[in-house]
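The values are calculated or read from the model by the stated rules, or taken from the named source; none is laboratory data. A quick note: this is a predicted structure, and the numbers were derived from the prediction, not measured. Note that we place each Cβ from the backbone using ideal geometry, even for glycine, and neighbour counts take in every protein chain shown. Protein only, heavy atoms only, side chains kept; ligands, DNA and RNA dropped before computing areas. Shrake-Rupley method; radii C 1.70, N 1.55, O 1.52, S 1.80 Å.
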Amino acid sequence: MSNLNKLLNTKNSKLAWLLRLQLLGLRTELQEALKTEGSDPGSDICQELLQELDVILESNIQSNNTAEIPSWEDVLEPVANQHPTQLKLKPIAQTLLTHKELSQYIGEYQFHSTDDAQLWNEMQRLLLRVPHKLADKLRSQLLNQATTLGATEDKVSLRQLAFPTHEHIYSGLKGNIQASGLCFSNLVNFDERLHQSGSEDILGAIVSTYLKFIEVDPHLHHALRSVDRFGVRSLNSVDKPKYIAALIERFHRIEVTLNTDMSLNLRTRIDLDEAIHSLIYLPCVDRFSWWGKLQQEARQTLEVAVQQARQAGISVQIRPLWGTYADVYPFSKDDLQVDVGGIPGEVSACLRVFAKINDEVLPGRVLFHSS
């Protein structure tokens with residue numbers, strides 16, 4: 001154990017950083033395993049081992065090693081407007097765009113990264129928008145093609161996003177090409193603008209993730225009515241700070257109304273849900289993509305708020321608006337029409353759910369594909 005602590009405390013050491021990541025991963029895996037293997041003969045010893053890991057990791061959490069780890073934004077930095085150098089991954093990226101199944105989810109797309117680390121992350125961010133099965137297939141192909149260039153998969157060098165659970169999102173590369181991957185982690189804090197230090201709140205985790213992606217992904221748009229009710233706008237515009245301010249303000253409003261009137265808190269939950277679902281790509285992400293799953297997790301929190309309101313004696317109806325636009329438009333207002341992606345005549349994104357709280361009707365809002 002003495003050498004373990006010595007290495008962890010070694011300043012400016014990449015090996016120390018790698019050791020810490022491995023120990024963090026081991027701790028998370030053991031914690032998850034204990035949830036289902038509580039009767040295992042080794043469970044008591046495992047608990048003691050976890051306590052030892054806690055002592056080792058927490059005693060070194062402020063280690064100078066962390067100063068050597070590049071920030072999340074260093075790897076997923078915004079694409080610079082300059083002439084690109086020769087990129088080893090460029091042929092792979094060009095091949096990716098020719099995949100016949102991909103175009104319906106990404107539309108007309110061009111890569112603009114200026115180095116291989118950026119380009120790897122730009123390709124991976126693109127796959128977060130497509131259905132899981134297709135994304136996994138293409139991600140595997142990207143890794144196989146990268147190995148022909150002398151690179152190998154790196155599951156250790158991962159940028160961390162605050163979330164209640166640890167989850168691998170995509171790997172990085174090492175060898176001839178070095179690029180970091182991405183993961184969710186319960187060991188990092190939310191975006192500082194949310195004024196929270198923990199990562200137990202799923203809504204805080206999702207909003208924090210949004211704020212990170214807004215800063216690095218130039219392809220994001222918004223359709224938030226309070227910012228601009230007349231169209232879908234790129235966040236590479238004057239709307240960017242307005243949308244960010246609205247998202248943060250709606251998140252904080254939940255905290256303010258948490259212990260007040262239950263119906264008022266439910267309205268603030270619906271408002272935040274609208275802000276979350278109004279951050280979009282064009283074409284809209286597939287509902288079974290990584291982004292779609294994240295949005296669904298946010299919307300599921302509405303069910304908890306609805307149950308709490310009903311227990312308090314409030315009559316509540318909530319309806320997400322999906323399917324044929326002709327069927328849902330009586331329940332919506334200020335809808336927007338898009339002409340890329342999706343199925344003609346159907347809803348491409350439910351920006352705001354329809355709700356009826358006691359006798360008050362709150363119309364929903366959707367994006368729909370023109371017929």
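Structure notes:
- Residue within segment 191-199 that is at pLDDT below 90, within 18 Å of the chain's Cα centre (by Cα) and open to solvent by less than 10 Å² (accessible area, probe 1.4 Å) present: yes
- Scan of segment 163-198 for residues that are polar (S, T, N, Q) and either touching a residue at least 12 places away in the same chain (Cβ under 8 Å) or at positive phi (or both), ordered by number: 165, 171, 176, 178, 180, 185, 186, 189
- Cross-chain or 6+ apart pairs with Cβ under 9 Å, segment 297-310 first and among the polar types (S, T, N, Q), then assigned to a helix (DSSP H, G or I) and surrounded by fewer than 16 Cβ atoms within 10 Å (Cβ to Cβ): none
- Of the residues making up segment 217-239, those that are modelled with pLDDT under 90 and more than 25 Å from residue 332 (Cα to Cα) are 236, 237, 238.
- Single residue of segment 137-170 satisfying the filter (closer than 18 Å to residue 90 by Cα and in contact with a Gly (Cβ under 7 Å, 6 or more places away or on another chain)) that is most open to solvent (accessible area, probe 1.4 Å): 152
- Selection status of residue 243, in contact (Cβ under 8 Å) with a residue 60 or more places away in the chain, closer than 22 Å to residue 366 by Cα and of a type outside the set (Asp, Glu): no
- Residue-level check: of (1) over 27 Å from residue 255 (Cα atoms); (2) assigned to a helix (DSSP H, G or I), residue 174 misses just (2).
- Any hit, segment 353-371, residues being modelled with pLDDT under 95, open to solvent by 60 Å² or more (accessible area, probe 1.4 Å), part of a loop (DSSP other than H, G, I, E, B) and under 26 Å from residue 236 (Cβ atoms): no
- Criterion (surrounded by fewer than 17 Cβ atoms within 10 Å (Cβ to Cβ) and either in contact with a helix residue (DSSP H, G or I) (Cβ under 7 Å, 6 or more places away or on another chain) or at pLDDT 95 or above (or both)) met by exactly one of 298, 312: 312
- Near pairs, Cβ below 7 angstrom, 6+ apart or cross-chain, from segment 98-116 (assigned to a loop (DSSP other than H, G, I, E, B)) to any residue that is not hydrophobic (A, V, I, L, M, F, W, C): 107/283; 107/341; 111/122; 113/122; 114/82; 114/84; 114/85; 115/85
- Some residue of segment 206-213 being hydrophobic (A, V, I, L, M, F, W, C) and either touching a strand residue (DSSP E or B) at 6+ places or on another chain (Cβ under 6 Å) or over 27 Å from residue 353 (Cα atoms) (or both): no
- Residue among 224, 220 that is buried (at least 17 other Cβ atoms within 10 Å of the Cβ) and under 20 Å from residue 161 (Cα atoms): 220
- Residue 134 being free of Cβ contacts under 8 Å to residues at least 40 places away in the same chain, surrounded by 15 or more Cβ atoms within 10 Å (Cβ to Cβ) and not in a loop (DSSP other than H, G, I, E, B): yes
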